[in-house]
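Visitor: Below is one structure. I have some questions about it.
The values are calculated or read from the model by the stated rules, or taken from the named source; none is laboratory data. Since the model is a prediction, treat every value here as computed from it, not as a measurement. Glycine gets a Cβ as well: all are built from the backbone with ideal geometry, and neighbour counts include every protein chain shown. To get the accessible areas, we keep the full protein, side chains included, count just its heavy atoms, and leave off ligands, DNA and RNA. Shrake-Rupley method; radii C 1.70, N 1.55, O 1.52, S 1.80 Å.
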Amino acid sequence: MPLYEPGPDTPALRAALARPDTRLVACFCAAWCDTCQEYRPKLEALAARYPAHTFAWIDIEDHPDLLGDEDVENFPTLLVRERGRTLFYGTMLPHIGHLERLLDSLGADAPAQATGLPEIEALLRDDAIAS
């Protein structure tokens, strides 16, 4: 699977999120962030290894509405959602192996995490993000 960006990839991102068994893995980033720019190719490679998941690259300055009441203070800040439940939301060291281990450890019975984030999948489905 590719790494989708809301905006240029919105139709494909919507189609990927429509799959009932997909897990959303979103990286909140900023274009000016050197750490983000170094992390992106590693995240793209990880997305290719997890084709059942939907990976999204969300620039917080282009899409602040996807953060709701949450603030991003450090990068990368990652979100993992499945079946409408947030399984992980937080900052992670920019070592892709950490995210890979997290994804492998989150089973279907992982507890949901409370956040101030809106339901990103619904915002993307409901034309909140321009194609």
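Visitor: Filter region 2-15 down to residues that are among the aliphatic types (A, V, I, L, M) and crowded, with 18+ Cβ neighbours inside 10 Å and give me whichever is farthest from the chain's Cα centre (by Cα).
Guide: So, considering only residues that are among the aliphatic types (A, V, I, L, M) and crowded, with 18+ Cβ neighbours inside 10 Å, the one farthest from the chain's Cα centre (by Cα) is LEU13.
Visitor: In region 60-113, what residues are in contact with a helix residue (DSSP H, G or I) (Cβ under 8 Å, 6 or more places away or on another chain) and among the aromatic types (Phe, Trp, Tyr)?
Guide: Across region 60-113, the qualifying residues are PHE75, PHE88.
Visitor: List every residue pair whose Cβ atoms lie under 8 Å apart, where the two residues are 6 or more positions apart in sequence or sit on different chains, the first residue falls within region 5-29 and is more than 20 Å from GLY90 (Cα to Cα) and among the aliphatic types (A, V, I, L, M), and the second residue, located anywhere, is modelled with pLDDT of 95 or more and open to solvent by less than 10 Å² (accessible area, probe 1.4 Å).
Guide: Every condition considered, the pairs that remain are LEU13/THR54; LEU13/ALA56; ALA16/THR54; LEU17/LEU24; LEU17/THR54.
Visitor: Where in region 26-100 are the strands (runs of 3 or more DSSP E), entirely inside, with at least 2 residues that are open to solvent by 50 Å² or more (accessible area, probe 1.4 Å)?
Guide: Values: elements: 53-59, 77-82, 85-91.
Result: 85-91.
Visitor: I've got another one for you. Of all residues in region 20-39, count the ones that are among the charged types (D, E, K, R) and under 18 Å from LEU79 (Cα atoms).
Guide: Residues in region 20-39 being among the charged types (D, E, K, R) and under 18 Å from LEU79 (Cα atoms): 2 in total.
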